[in-house]
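The values are calculated or read from the model by the stated rules, or taken from the named source; none is laboratory data. Remember, it's a predicted structure, so these values are computed and weren't measured experimentally. Note that each Cβ is placed from the backbone with ideal geometry, even for glycine, and that neighbours are counted across all protein chains shown. Protein only, heavy atoms only, side chains kept; ligands, DNA and RNA dropped before computing areas. Shrake-Rupley method; radii C 1.70, N 1.55, O 1.52, S 1.80 Å.
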Amino acid sequence: MSASIIKRFIDASIDACKDVDALLKAPRTKEDYTHVDIGEGGDHSLLIDIKAEKIFFSYFEPFAAIYSEEYGHHGKGDYLVVLDPIDGSDNLISHFPYFGASMALQYQGETIAAAVCNFANGDFIYRCADEPAMQRKLTGTETKRREQNLFSKVGIFEKSSLYTKIVDKLMINKLKFRSPGAVALSLVYSFDARFMIFIGKNRPFDIEAGLFITQELPRYLSERVIIVAQDEAMLEKVKAIVLEEIR
């Protein structure tokens, strides 16, 4: 594993995200939001997704193979970038400010660096190897360590509308939450939440980067369930509620 390749990955991620951000802020046509194919991840790919993916390909393919939500496998190399070019496309279309990109660099099947960018507010959160998670603004240069918000009042429950019994029990236990609709972003914003819940198919494009960046937070992982919490007590409380209803 080379420190230089990790730096190259982070630099390429920042530059690619800047170009995609410019693409998303430029005037768009109705065709940008048309479905053009079924992507590797099983969702409908929009033309804007494909345009963003091509930008990322141009930055990553000189030094890594790519496994992307839209195209699937692309290129060859000892290193692999697991990519979601636009996480939260429905939010983007709806002008709901919660959409971004997710990138994880892997070597021999292990993630060694990752980044998640929120295009709506410019947050760029990343982690390199064994170093702490860091944050900067996409258009800035100042970096700071990504710390937990221990005063948070709410959690995150992605796709909560599909699990009404769990919602009811969370409410009974006075565990407030939001369901913003972009799993990769919600994972990295676990630093700011009392808990984060995702139930569904664990696709690498959605989870690899976020899980690597938040690796020190208490968590429960299974084939169907991801729970990240601000502390062990909260993890056990939320896990008991979730697992009771989905067994």
Requested in this report: Go through the chain and flag any cysteine with no other cysteine's C-beta closer than 4.7 Å, please.
Outcome: Cys128
**Report entry** Mean accessible surface per residue for the chain, computed with a 1.4 Å probe while every protein chain stays in place, in Å²
**Finding:** 48 Å²
Report task. Treating only the Cβ atoms of Lys and Arg (+1) and Asp and Glu (-1) as charged, compute the dipole magnitude of the chain about its Cα centre; round to the nearest 20 debye. Result -> 800 debye
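Run the helix sum for the chain: -39,500 (n - 2.57) per DSSP H stretch of 4+ residues, divided by residue count, reported at 222 nm to the nearest 500 deg cm²/dmol.
Value at 222 nm, helices only: -10000 deg cm²/dmol.
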**Report entry** Hz values of 3J(HN,Hα) by residue in segment 216-231 - Karplus curve (6.51, -1.76, 1.60), Gly and Pro given as x
**Finding:** 7, 6, x, 8, 10, 10, 9, 4, 10, 10, 10, 10, 10, 9, 6, 7
Report summary line: For the chain the mean separation of alpha carbon contacts under 8 Å (6+ apart) over residue count, i.e. relative contact order in percent, is 14 percent
Report task. Would you list which lysines come within 22 Å of Lys153, measuring only between C-alpha atoms, while excluding same-chain residues fewer than 8 positions from it? Result -> Lys165, Lys169, Lys174, Lys176, Lys237, Lys239
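About the Cα centre, and with charges only on the beta carbon of Lys, Arg (+1) and Asp, Glu (-1), how big is the dipole of segment 125-247? Nearest 20 debye, please.
I would put it at about 400 debye.
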Requested in this report: Kindly provide the GluC sites (Glu not before Pro) of segment 188-234 that DSSP labels as loop, not H, G, I, E or B, and whose Cβ sees at most 12 other Cβ atoms within 10 Å.
Outcome: Glu216, Glu223
Report summary line: Rounded to a whole %, the carbon-and-sulfur portion of the accessible area of the chain at a 1.4 Å probe is 51 percent
Query raised in the report: Hey, which aspartates and glutamates would be in cross-link range of Lys144, C-alpha to C-alpha under 20 Å, not counting anything within fewer than 8 residues on its own chain?
Result: Asp11, Asp15, Asp123, Asp130, Glu131, Asp192, Glu216
Query raised in the report: Just going by the charge dipole of the chain, with Lys and Arg at +1 and Asp and Glu at -1 on Cβ, which of Tyr163, Thr139, Phe212 is farthest out on the positive end?
Result: Tyr163
Query raised in the report: Roughly how many whole Å is it from the C-alpha centroid of segment 168-205 to that of segment 51-125?
Result: 21 Å
Report summary line: The Kirkwood hydrodynamic radius of the chain, taken as the inverse of the mean 1/r over all distinct Cα pairs, in Å, comes to 18.3 Å
Requested in this report: Please determine, in degrees from 0 to 90 and to the nearest 10, the orientation of helix 3-25 with respect to the longest principal axis defined by the Cα atoms of the chain, where the helix direction is its Cα long axis.
Outcome: 90 degrees
